[in-house]
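Taken together, the values in this text are just the output of simple stated rules run on the coordinates, not laboratory data. Owing to the predicted nature of the structure, the values given are computational and were not obtained by experimental measurement. Note that each Cβ is placed from the backbone with ideal geometry, even for glycine, and that neighbours are counted across all protein chains shown.
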Amino acid sequence: KKGLLLIVVMVAAIAVKAQDIYVGDLSTFGVTAQAILRLLRAPEIGYNFNETWALGAELDYSHDYNGSLSTNAFSVAPYIRWSYYQNDAVRLFLDGAAAIGFVKVKDGDTSKA
């Protein structure tokens, strides 16, 4: 936990000093009609080379629980981003990404996704 806190503090300090670096996070928690419990964390970090091009990566972690079946998944998705329109409130962009991931079923083997 201390290592993760140190990384967050370092990234925050860099982001304050360099406005070209951005950090984002997507977190969701839910229960489906089939009683599947799902937790997803997807932090993201990137660097704007200029107003048009950026390079970044997203780290995804998810945990699914469905009765006796429990799975954990982790993936890394580096991407390149092209921004084609921006005004004061909106930026429109396209991402091209390549991801690799791993899924672990409780009491089972790990597989690549």
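Overview of results
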| quantity | calculated |
| --- | --- |
| Nearest-0.05 FRET efficiency for V105 and V31, computed from C-beta distance (R0 35 Å) | 0.95 |
| Dimensionless Rg ratio for the range 70-110, taking C-alpha atoms and the 2.2 N^0.38 Å reference | 1.87 |
| Separation of the T71 and I21 label points, Cα + 7 Å toward Cβ, nm | 3.5 nm |
| Net lengthening on full extension, Y84/L40 (0.36 nm per residue, minus Cα-Cα) | 12.9 nm |
